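Shown next, in structure tokens, is the structure this report addresses.
The values are calculated or read from the model by the stated rules, or taken from the named source; none is laboratory data. Bear in mind that the values here come from a model prediction, so they are computed numbers and not experimental data. For neighbour counting, all protein chains shown are included, and Cβ atoms are generated from backbone atoms with ideal geometry for every residue, glycine included.
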Amino acid sequence: MAERTAHRHRVVIVGAGFGGLFAAKALKNADVDITLINGTAYHLFQPLLYQVATGILSEGEIAPPIREIVRKQDNIDVKLGWVTDVDVEAKKVKVTAPSIEYEVGYDTLIVGAGASQSYFGNDHFADHAPGMKSIDDALELRARIFGAFELADLQQDPADQERWMTFVVVGAGPTGVEMAGQIAELAHRNLAGQYKHIDPRKARVILIDAVDAVLKTFGDRLSTHALRQLHLLGVEVELETKVVDVDATGIEVETKRGHERIESMTKMWAAGVAAPPLARKLAEAAGAQTDRAGRIMVEPDCTLPGHPEIFAVGDMMSLDRLPGVAQVAIQSGRFAADQIKRRLKGKETGQKFQYFDKGSMATVSRFNAVASIGKIHLSGFIGWLMWLAVHLLYLVGFKNRFTAVVHWFVSFFGRGRSERVSTFQQSYARIATREYGDPFERRRVEEAEAAAAAEKEAAAEKAVAGTTPSGTTVQASSASTASPAGGTGAAAAAAKGGTPAKAKAAGRR
């Protein structure tokens, strides 16, 4: 990597999703130093997460390493971590990574941290109905889906067997429709004949949404086609149905028929998205407004009001009611990069971001997809070919495209699923993480608490030792003071980051 110079313009990009990554690549030949900060070491192709969850693709095929993608770009420094706060006055971002915290200064900031799953104020639903926003989500769902068939095969009670073979997908947008369709194909086509005590073809797949149509934004014709195809697959579609509770063994809904409970061990959530907490923090720091989903309301040129040095792109920005899709992120990321290059060349900036809608696509089943591209509406096999071409185009790296095609051939033309491996760790990692938390963060908190307690104890000892009963100050004995070499007692423990008891505990860890 080329050595950096102090005078070069510093661009910090938060997030290596479509917006951040395409912004970084667009600045490849610019006279800038880029710091790309991301919470993972890979770029995630989110539109294909459902194929990881249903055993078609491996996670590596949709998540290439960031460093590998930008290995030929000399002006970029990739850093692992989560930006937790932004100091807009000092022009610094605060970053947390496992076992370390650090800061990075910027001249221009591009924030494209994506979106998180929204449970509409019911975040506890996540334990029983994982979303579809990360590799962890997809691997957990894969373990739950394939594990459900294995456990159903062990049940003696027909009611228990039915509960394990009932799959509920909440959300009838593209992700929900794709998940429901793939689970139905998995049960009715791929797994048929592989179990001695159950017939996977009897599995129930239920798709739920509070709206009155599947793929509502695709228009009536494509929505009707998708609904018909889901019915042919055996998916039970429950529209105008609101989820009111989710627990380990089922889901509670309100329908036109009244309150109902669906017994199901495997639920998944694809019903809504929200901006990450960083959006709110950045908006507060910059004096900007946010919309109902928590996205930052930006100026027409994607900058924050009063802060032309800060761009929000993709799912982080709220502008002209643009949808939270990959193309908005890609185009806004490239636009922000172009604005930076224009500034550095002394050209006029502040042009309005113009989004070019390249359409929306969703697969419903094998060889069947819907595509809405302007006034063109495609469905069936032609729609599927269009979907295939577009997704291959945006998959990063030749290796990923090649292996994806191989696995698609196995899954779509044959009856196998290339990625059926799942583990107990994948199934229970969410619960374990919630129970035990981040071990590095837990240790930081413990050490901070121990140091504070030790400091308080040392201050109390000093106060007692430094005052006689008559109130005369005396010299404290060497036995009660900490030496530079490590000292004794509580002060030494404080120097080591904890009390004696906690220091031993830390050593055991």
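Selection of the range 93-107 for residues being in a strand (DSSP E or B) and either surrounded by 16 or more Cβ atoms within 10 Å (Cβ to Cβ) or of a type in the set (A, V, I, L, M) (or both) yields 93, 94, 95, 96, 97, 100, 104.
All of (1) over 20 Å from residue 283 (Cβ atoms); (2) surrounded by fewer than 21 Cβ atoms within 10 Å (Cβ to Cβ) hold for residue 340 with one exception: (2). Taking the range 409-451 as the search range and keeping residues that are surrounded by 12 or more Cβ atoms within 10 Å (Cβ to Cβ) and among the basic types (Lys, Arg), which one is modelled with the highest pLDDT? Looking at the filtered set, the residue picked out is 420.
A single entry from 292, 334, 321 fulfils the requirement of being within 20 Å of the chain's Cα centre (by Cα) and not assigned by TED's automatic domain parsing to the domain that holds residue 137: 292.
Quick check on residue 133: is it in contact with a strand residue (DSSP E or B) (Cβ under 8 Å, 6 or more places away or on another chain), of a type in the set (Lys, Arg), surrounded by fewer than 24 Cβ atoms within 10 Å (Cβ to Cβ) and modelled with pLDDT under 95? The answer is yes for residue 133.
Scanning the range 258-284 for residues that are farther than 27 Å from residue 128 by Cβ and either modelled with pLDDT under 95 or among the basic types (Lys, Arg) (or both) yields a single hit, 281. Residue 110 meets all of the listed conditions (1) in contact with a Ser or Thr (Cβ under 7 Å, 6 or more places away or on another chain); (2) hydrophobic (A, V, I, L, M, F, W, C); (3) assigned to a strand (DSSP E or B) but one, namely (1). The criterion of at least 3 residues that are closer than 23 Å to residue 419 by Cα and touching a helix residue (DSSP H, G or I) at 6+ places or on another chain (Cβ under 9 Å) is met, among helices (runs of 4 or more DSSP H) falling completely within the range 154-233, by 174-185.
The set of residues from the range 293-339 being of a type in the set (A, V, I, L, M, F, W, C), at pLDDT below 95 and either assigned to a loop (DSSP other than H, G, I, E, B) or touching a Pro at 6+ places or on another chain (Cβ under 6 Å) (or both) comprises 293, 322, 325. Of the numbered criteria (1) part of a helix (DSSP H, G or I); (2) farther than 16 Å from residue 52 by Cα, the one residue 120 fails is (1). The requirement of being at pLDDT 95 or above and touching a His at 6+ places or on another chain (Cβ under 7 Å) is not satisfied by residue 26. Yes or no: residue 369 in contact (Cβ under 8 Å) with a residue 12 or more places away in the chain and within 20 Å of residue 46 (Cβ to Cβ)? In short, yes. Among the residues of the range 187-205, at least one is in the same structural domain as residue 263 (by TED's automatic domain parsing), on the phi > 0 side of the Ramachandran plot, at pLDDT below 95 and not basic (Lys, Arg). Checked against the criterion of being part of a strand (DSSP E or B), outside the structural domain of residue 321 (by TED's automatic domain parsing) and polar (S, T, N, Q), the candidates 411, 418, 372 yield just one match: 372. Do the conditions hold for residue 192, that is, is it under 24 Å from residue 158 (Cα atoms) and out of contact with any strand residue (DSSP E or B) (no Cβ under 9 Å at 6 or more places or on another chain)? For residue 192, the condition - under 24 Å from residue 158 (Cα atoms) and out of contact with any strand residue (DSSP E or B) (no Cβ under 9 Å at 6 or more places or on another chain) - is met. Candidates 90, 148: the one that is at pLDDT 95 or above, part of a loop (DSSP other than H, G, I, E, B) and not acidic (Asp, Glu) is 90.
For the range 340-366, the candidate set comprises residues that are in contact (Cβ under 8 Å) with a residue 40 or more places away in the chain and in a loop (DSSP other than H, G, I, E, B); within that set, the residue that is nearest to residue 8 (Cα to Cα) is 349.
For the range 15-22, indicate whether the set of residues that are part of a helix (DSSP H, G or I), more than 17 Å from the chain's Cα centre (by Cα) and not hydroxyl-bearing (Ser, Thr, Tyr) is non-empty. Yes, the range 15-22 contains a residue that is part of a helix (DSSP H, G or I), more than 17 Å from the chain's Cα centre (by Cα) and not hydroxyl-bearing (Ser, Thr, Tyr).
Can you find a residue in the range 29-52 that is of a type in the set (Gly, Ala, Ser) and either assigned to a helix (DSSP H, G or I) or buried (at least 24 other Cβ atoms within 10 Å of the Cβ) (or both)? Among the residues of the range 29-52, not one is of a type in the set (Gly, Ala, Ser) and either assigned to a helix (DSSP H, G or I) or buried (at least 24 other Cβ atoms within 10 Å of the Cβ) (or both), which makes the answer no. Taking the criterion of being in a strand (DSSP E or B), basic (Lys, Arg) and either over 18 Å from residue 145 (Cβ atoms) or without any contact (Cβ under 8 Å) to a residue 12 or more places away in the chain (or both), would at least one residue in the range 266-281 satisfy it? No, the range 266-281 has no match at all.
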